[in-house]
Number of protein chains: 2
Amino acid sequence: MSSSIPGPIEVTDEVLYANAHPSMAHTSPEFIPVFGDCIRMTRDVLFTKDAQPFIISGSGTLGWDQVAANLVEPNDNVLVLHSGYFGDSFAECLESYGANVTELQASLGHGVSPSQLERALREKQYKMVTLTHVDTSTGVLSDAKALAGVVHDVSPDALVVVDAVCSVASEEIRMDDWGLDVVLTASQKGLGTPPGLSILVASQRALGVFRKRIAPVSSYYVSWKKWLPIMEAYEANRPAYFATPPVNLIYAYNISLKQIVRSPALPLTERFKRHNQASQTVKDALECLGLVQVAQCKEERANGMTAVYFPEGVTAADLLPRMASRGVVIAGGLHKDIKDKYFRIGHMGVTAVDEKRGDIEKIVNSLRDSFADIKAQKNHVKH
Amino acid sequence: MSSSIPGPIEVTDEVLYANAHPSMAHTSPEFIPVFGDCIRMTRDVLFTKDAQPFIISGSGTLGWDQVAANLVEPNDNVLVLHSGYFGDSFAECLESYGANVTELQASLGHGVSPSQLERALREKQYKMVTLTHVDTSTGVLSDAKALAGVVHDVSPDALVVVDAVCSVASEEIRMDDWGLDVVLTASQKGLGTPPGLSILVASQRALGVFRKRIAPVSSYYVSWKKWLPIMEAYEANRPAYFATPPVNLIYAYNISLKQIVRSPALPLTERFKRHNQASQTVKDALECLGLVQVAQCKEERANGMTAVYFPEGVTAADLLPRMASRGVVIAGGLHKDIKDKYFRIGHMGVTAVDEKRGDIEKIVNSLRDSFADIKAQKNHVKH
């Protein structure tokens, strides 16, 4: 059985093995450089020289709280770009911390366009603009580079925050070149590690805004005042304590990062190409089956996952068990407006890049066979 | 090499193996009952019938934020009992969320006494009283039952919150009988699982206070509004989504819980006795070596760890490497007032209960040999 959902994704055996590392003190000389290397390699994944990674025990959702608690002060104006389900939740999180949120909604199946963003920025001053790079509920890929460019042009002081939970390591993200201030993600998607790490990278500009804040940070666990000295210490090969790090997950993340950024056989740019090819194969097969993707435009389709409508008369109860019986676990819908009308397939990490596994072939064949099966059964019932 | 620090502790092979479980969807029919069982068995560890467990991706520290964000409203009076380092931090966390904190300090090496608590409660009204059951920095065990009794007698409306990070499953805690409202802990100590789970159990009375709060919860990730439906769904064998749970850690926790509460060969009450015996063996050996414990009174000494002063002229640099060369990792000091003057030994979980491992014997022998070694070297230098 293989997990072809948009996370937790399949991970390599080496990563699983590292996750079973015998107990190790978080302050031990063996563990400290492992954590330090994770911090350094996380920068490499995002092509950044000096941004600051925070690697903290928590779900991806915790990244939103990190942004809201550290970079937002009560009544700050924040513009949240919606391309699916996750914009709503990020907005709710920001409001919990006192932000004054304006939501800029794309129509279902699209991302917010640069011109739409430009209009919004000309109407009001914002301290921060957030966007979902790949919305896991719709499979819509937003053009982070172009959107960040618009923010820099029109509202140069505004911070650009990218929710990249479903895109880091499966989509190219050039943090420094594109001028992104925060990129936040989690371990269980493109980064190929079991779930349990909130991974956030903040630009020096974002840290500057944090340092100049007037209102105290209204949280304890996610306060960068606590975490910055810890990250700096581990990177400088010294132990430090604020909260016990998830030692095993960090061993696992370390191995996965090495496979992602230090593999001579598969450089990072090649990894993105492989994701694109795998994605294309899945999407072509779905098109052949006559299915329509939730993401309407080709250039707005994620490379690590696909969200696609059921054909008329077919439901999740028809498809998901048939796929599972063929050894492929896929996911149902998540976006509240169309929850029962579509399904989702993940093709990130090893599933996309390790051709020997044959995961993509298996996904495609299982889709064909399952739909043939459904069709035969429906015809049988009709007659 | 074995980890004899007060967490992350050594875990069983079965637990490590479960932590390497292949990727599994958090919504899959295989995983849902595993999570549901974790919720049920967590209750069993604390002898509670109807309190509500929250099992969330995060470090133990996150439990403080759960308490502060959900049960405290701005300007609520909270009394924090100190028996070491962790009271200070809990107080800081509560203040971050707007609490008006009064600290009740025990002298170093002691817990707050019931009469000291009674005086404080007669002076002022508090919404909540917090205590550290075992302070990991001093090894002081507070009498949670007696202290909770005083709160119920003098200030019956006040919630009793127990930071039990370093005591759950190594010290007896009877949540219902003692009337505790919150017991919070983490996975990597007595619960014998790798670090990365914040585990908190709230009484129905605490949930009632939460439901009646007026100020909105000023956090997102730790909001019980989000988590309560998730915990209820998994316990009822239905999937639900707020944030991706740390699937592998939950598989590991499930196995460890089974070993703790469903082992006919070692019932929970027997587990506590074994911790007491192991602790006694270590403490007796230290006494034989002429060493003085940080926790001054016998009845205030934790059963899962020991904090002990170095003899005159000996430092961590003398002892810790000598212990490590004998395969035993112990920890240095943590309490700021005496940081360099003492060391700490953990003896929780398998180390305490699985005699076949010989961990306790190894700790004791290594201590004897290391101190003999240090003495010989110091004498050599003297002559």
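The values are calculated or read from the model by the stated rules, or taken from the named source; none is laboratory data. Only a predicted model underlies this, so the values are computations on that prediction, with no experimental measurement involved. Ideal geometry is used to build each Cβ from the backbone, glycine not excepted, and the neighbour counts take in all protein chains shown. These area figures cover heavy atoms from the full protein model, side chains too; ligands, DNA and RNA do not enter into them. Shrake-Rupley method; radii C 1.70, N 1.55, O 1.52, S 1.80 Å.
Listed by chain and number, the aspartates and glutamates whose C-alpha is less than 16 Å from the C-alpha of A:LYS298, apart from same-chain residues fewer than 8 away, are A:ASP135, A:ASP143, A:GLU171, A:ASP284, A:GLU287.
Counting lysine pairs in the range A:85-237 that sit 8 or more residues apart in sequence, or on different chains, and whose Cα atoms lie under 20 Å apart gives 4. Once the chain from B:LYS225 to B:THR102 is taken as fully extended at 0.36 nm per residue, the excess over their C-alpha distance is 41.5 nm. Using the Karplus relation 6.51 cos²θ - 1.76 cosθ + 1.60 with θ = phi - 60°, the per-residue 3J(HN,Hα) values for the range B:37-43 come to 5, 4, 4, 5, 5, 4, 4 Hz, with x marking Gly and Pro. For the pair the range B:264-343 and the range B:52-87, the centres of their Cα atoms are 27 angstrom apart.
State whether the range A:46-176 is rounded, prolate or oblate according to the following rule on the C-alpha gyration tensor (a ≥ b ≥ c being the square roots of its eigenvalues): a/c under 1.5 gives rounded; otherwise a/b larger than b/c gives prolate, and the remaining case gives oblate. Judged from the Cα gyration tensor, the range A:46-176 comes out rounded (a/c under 1.5). Using only side-chain charges placed at the Cβ, +1 for Lys and Arg and -1 for Asp and Glu, the dipole size of chain B relative to its Cα centre rounds to 280 debye. Near A:GLY149, within a Cβ-to-Cβ distance under 13 Å, what is the net charge of the other residues, with Lys and Arg +1 and Asp and Glu -1? That works out to -2. For chain A, the Kirkwood hydrodynamic radius from C-alpha pairs, put into Stokes-Einstein at 25 °C and a viscosity of 0.890 mPa s, yields a diffusion coefficient of 115 µm² per second. Chains B and A together bury some 3600 Å² of accessible area, summed over both sides, with a 1.4 Å probe. Solvent-accessible area of the range A:268-381 (1.4 angstrom probe, protein heavy atoms only): carbon and sulfur portion equals 49 percent. In this structure, the amide hydrogen of B:ALA186, modeled 1.01 Å from its nitrogen in the peptide plane, lies closer than 5 angstrom to those of B:ILE199, counting only residues at least 5 positions away or on a different chain.
Straight-line cross-link partners of A:LYS378 among the lysines, defined as a Cα under 27 Å from its Cα and at least 8 positions apart when in the same chain: A:LYS283, A:LYS339, A:LYS341, A:LYS362. On full extension, the segment bounded by A:ARG262 and A:GLN277 gains 3.3 nm, given 0.36 nm per residue less the C-alpha separation.
For the protein assembly as shown, what is the convex hull volume of the alpha-carbon atoms per residue, in Å³?
Expressed per residue, the convex hull around the Cα atoms of the protein assembly as shown is 163 Å³.
The modelled label-to-label distance between B:ALA240 and A:GLU92, using points 7 Å beyond Cα along the C-beta direction, is 1.2 nm. Taking every alpha-carbon pair within the range A:268-381, the share separated by more than 21 Å comes to 35 percent.
Averaged over its residues, the range B:12-262 has an accessible area of 31 Å² per residue, based on protein heavy atoms and a 1.4 Å probe. GNM on chain B, alpha-carbon springs under 10 angstrom: the most fluctuating residue among B:ALA316, B:ALA352, B:ALA51 is B:ALA316. Residue ranges B:175-186, A:302-313 sort as B:175-186, A:302-313 when ordered by packing (mean number of other C-beta atoms within 10 Å per residue, highest first). Under 15 Å of direct C-alpha separation, and excluding same-chain neighbours fewer than eight residues apart, A:LYS375 reaches these aspartates and glutamates: A:GLU312, A:ASP318. Using Cα atoms only, what is the angle between the long axis of helix A:268-288 and the major principal axis of chain A, expressed in degrees (0 to 90) to the nearest 10? It is inclined by approximately 30 degrees.
Taking the chain by itself as reference, the range B:189-203 contains these residues with an accessible-area loss of 40 Å² or more in the full protein complex (1.4 Å probe, heavy atoms): B:PRO195. Rounded to the nearest 0.05, the FRET efficiency derived from the C-beta distance between B:ASP44 and B:VAL154 at R0 = 35 Å is 0.70.
Rank by packing, highest mean first: peptides A:136-148, B:100-112, with packing defined as the count of other Cβ atoms within 10 Å averaged across residues. Show your work: numbers first, answer last.
Numbers: A:136-148: 24.6, B:100-112: 18.5.
The packing order, highest mean first, is A:136-148, B:100-112.
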